[in-house]
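Heads up, the thing below is written out as structure tokens.
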């Protein structure tokens, strides 16, 4: 046990510091409880006893760990343990009873005393384990909770420590918690184990690494582990005999997950171990979920593109034979139109009309699939220009219906130029198509709303019942039969165009009192056009 | 009532000591490390400083030296708190400019006496 002895000697002054800290807490918090008016005076004798026993422990620590006290470090530590276990036991009993009786803030203070006792207790128990030979009875470990309670599966853990007693103790402790523990006595041995085990099924999932080792130090091993791609993300807990802030900070900087100071509390070791393992598993889960999500997004995108391509190809291919039908009908009409009887002429008119409607339907389908196409960049488009182009396309319907179309000053918005023309054309076209008894009056306006413009197309037509407000925007969601021809795609196209540009399309209407279709669009940043 | 700046990195020590001082009516300012301690002392100019010696970022000796070299904080009494009961620490603390010295765990009555004595020297209750 000479190696353990040397390690103890090295850390003797540090040990004093570590033991004084929990004692400070016991003394301080028992003092605070004594001063607290909310604590019944009945507990004062117990609190005074805690205070007295803690002072006694302190005196014994000062005695045994003083540089003036002669003797071998290991023996002094053993003597100290024997010396303080009785007063400590008394404090533990009182603290336990106080925790049961107190409540509110005083309970918190009692718990702090209990926690400090735990730290001292683990010193008494752990150092005894150091002094046991490796072959001796198992060290006094706290009864572990069954693994099923923690929800953590056993993990492969590699212990790297040059001190055989420490190594043995850690391996035993880890096995006790149900983990598969392996050990290495030097950096190079550890790295070779890690390299070979990285490829096996029972991989190492966590590393416990001693900072101070001869030859290759723990810090060097840590740096090596962090540079190995096959070990990316493996949690490393550093263990050190010295409570050195700088060393701890350095290890954390180099990528260590935790830093534990020897002699450590078995409960603390277990908690750190499990939190590091759980963190690693959560990270893995997170990575797996992110991957799945990316895959799903990618699949969805591809399916959408396929559908888009299918729709546009189908529209093109449908137009082709239809054009043959229309051309043939036209030729037939030129050649034999004059010879047809009234009934024949009526049948012929139905065929021509069918072909025309079919053609409209196909071009609308094409427009609909194009409106959902790739998100090309939006550009500033003057609404007025787009509207005028749409009105030009609608000139025949306007002339026939005698519609009066007026518009206010219209802004420049972010859109695709062709799409905006289509949008106005469909909305104004609908306003004309679904007109009432009187002459169509259509007004287009714009109003500013924050970063957006709200454009509206108001008519004095038939109007729409509120219960159809959703249905009209769905593909083929027509409300009318063949009395008013249409593909049933007009508003679906509009909705797609507006949505693709980041806006919203909706309708406000009362049956018999006309409709107003509104859509929002981003204002063009470089222009400032006036509103209504 | 006097304002005391407590520079201490251990959370429990900070909690415990500040509560005990507040109970005696002192106003307590807190800092977690030496650098924070120096910054807080310069901006709040407390009446007295309780300085743990083993602090992260900047240790208590350096922080005290810093305060004692700066004209606006030089007159603020500093009581060193140390976990080391070695006499070398005591000399080192006084060398750095500390006005008082207490070992941890703090003996509360003695600490309160020291605080009162040093504050009286400054004319603050």
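The values are calculated or read from the model by the stated rules, or taken from the named source; none is laboratory data. Keep in mind it's a predicted model, so treat the numbers as computed, not measured. When we count neighbours, we look across all protein chains shown, and the Cβ atoms used for this are built from the backbone with ideal geometry, even at glycine.
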Please verify whether residue A:273 is within 31 Å of the chain's Cα centre (by Cα), outside the structural domain of residue A:158 (by TED's automatic domain parsing) and closer than 20 Å to residue A:163 by Cβ, treating the condition exactly as stated. yes
Picked from region B:50-66 (must be surrounded by 24 or more Cβ atoms within 10 Å (Cβ to Cβ) and away from chain A (no Cβ under 14 Å)), the residue nearest to residue B:22 (Cα to Cα) is B:51
Using the structure shown, decide if residue A:75 is more than 14 Å from chain B (Cβ to nearest Cβ) and either at pLDDT 85 or above or more than 25 Å from residue A:240 (Cβ to Cβ) (or both). no
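Any residue at all in region A:100-112 that's within 14 Å of chain B (Cβ to nearest Cβ), surrounded by fewer than 18 Cβ atoms within 10 Å (Cβ to Cβ) and touching a helix residue (DSSP H, G or I) at 6+ places or on another chain (Cβ under 8 Å)? So that I can check it myself, show each step before the final result.
Looking only at region A:100-112, we keep the residues that are within 14 Å of chain B (Cβ to nearest Cβ), and these are A:105-106, A:108-112.
If we keep only those that are surrounded by fewer than 18 Cβ atoms within 10 Å (Cβ to Cβ) as well, we get A:105, A:108, A:111.
Now restrict to residues that are touching a helix residue (DSSP H, G or I) at 6+ places or on another chain (Cβ under 8 Å): A:111.
Within region A:100-112, one or more residues are within 14 Å of chain B (Cβ to nearest Cβ), surrounded by fewer than 18 Cβ atoms within 10 Å (Cβ to Cβ) and touching a helix residue (DSSP H, G or I) at 6+ places or on another chain (Cβ under 8 Å).
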Restricting the search to region A:152-171, which residues are surrounded by fewer than 16 Cβ atoms within 10 Å (Cβ to Cβ) and at pLDDT 80 or above? A:164
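Among the candidates A:191, A:182, A:208, single out the residue that is modelled with pLDDT of 90 or more and either surrounded by 16 or more Cβ atoms within 10 Å (Cβ to Cβ) or over 18 Å from residue A:251 (Cα atoms) (or both). Step through it out loud before you land on a result.
Working: A:191 fails: modelled with pLDDT of 90 or more; A:182 fails: modelled with pLDDT of 90 or more.
Within the list A:191, A:182, A:208, the selection yields A:208.
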Inspect all residues belonging to region A:49-69 and state whether any of them is more than 14 Å from chain B (Cβ to nearest Cβ) and touching a helix residue (DSSP H, G or I) at 6+ places or on another chain (Cβ under 7 Å). yes
Answer yes if at least one residue in region A:18-37 is surrounded by fewer than 21 Cβ atoms within 10 Å (Cβ to Cβ), touching a residue at least 24 places away in the same chain (Cβ under 8 Å) and more than 11 Å from chain B (Cβ to nearest Cβ), and no otherwise. no
Could you look through region A:385-425, keep only residues that are under 16 Å from residue A:364 (Cα atoms) and surrounded by fewer than 19 Cβ atoms within 10 Å (Cβ to Cβ), and pick out the one that is nearest to the chain's Cα centre (by Cα)? A:418
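Given the options B:96, B:80, B:74, name the one that is away from every other protein chain (no Cβ under 14 Å) and in contact with a strand residue (DSSP E or B) (Cβ under 7 Å, 6 or more places away or on another chain).
On the way: B:96 fails: in contact with a strand residue (DSSP E or B) (Cβ under 7 Å, 6 or more places away or on another chain); B:74 fails: in contact with a strand residue (DSSP E or B) (Cβ under 7 Å, 6 or more places away or on another chain).
So the residue among B:96, B:80, B:74 that is away from every other protein chain (no Cβ under 14 Å) and in contact with a strand residue (DSSP E or B) (Cβ under 7 Å, 6 or more places away or on another chain) is B:80.
When you look at residue A:484, is it within 27 Å of residue A:358 (Cα to Cα), modelled with pLDDT under 85 and surrounded by 21 or more Cβ atoms within 10 Å (Cβ to Cβ), yes or no? Full working, then the answer.
Details: within 27 Å of residue A:358 (Cα to Cα): yes; modelled with pLDDT under 85: yes; surrounded by 21 or more Cβ atoms within 10 Å (Cβ to Cβ): no.
No, not satisfied.
Please find, within region B:100-121, the residue that is nearest to the other protein chains (Cβ to nearest Cβ) out of those that are touching a strand residue (DSSP E or B) at 6+ places or on another chain (Cβ under 9 Å) and over 14 Å from residue B:78 (Cβ atoms). Full working, then the answer.
Within region B:100-121, the subset touching a strand residue (DSSP E or B) at 6+ places or on another chain (Cβ under 9 Å) is B:100-104, B:106, B:110-111, B:114-115, B:117-119.
Retained after the next criterion (residues that are over 14 Å from residue B:78 (Cβ atoms)): B:103-104, B:106, B:110.
On the way: B:103: 9, B:104: 5, B:106: 7, B:110: 13 Å.
Ranking the qualifying residues of region B:100-121, first place goes to B:104.
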So, residue B:84, is that one at pLDDT 90 or above and over 15 Å from the mean Cα position of the chain (by Cα) or not? no
Of residues in region B:23-49 being within 14 Å of chain A (Cβ to nearest Cβ) and either free of Cβ contacts under 8 Å to residues at least 24 places away in the same chain or out of contact with any strand residue (DSSP E or B) (no Cβ under 9 Å at 6 or more places or on another chain) (or both), the one farthest from residue A:25 (Cα to Cα): B:35
Could you count how many residues in region B:11-22 are within 7 Å of chain A (Cβ to nearest Cβ) and farther than 13 Å from residue A:31 by Cα? 1
Qualifying positions in region A:360-384 - touching a helix residue (DSSP H, G or I) at 6+ places or on another chain (Cβ under 8 Å) and either at pLDDT 85 or above or more than 30 Å from residue A:456 (Cα to Cα) (or both): A:379, A:381, A:383
In region A:223-267, anything crowded, with 20+ Cβ neighbours inside 10 Å and over 30 Å from residue A:120 (Cα atoms) is listed as A:225, A:234
Qualifying positions in region A:426-445 - part of a strand (DSSP E or B) and buried (at least 22 other Cβ atoms within 10 Å of the Cβ): A:442, A:444
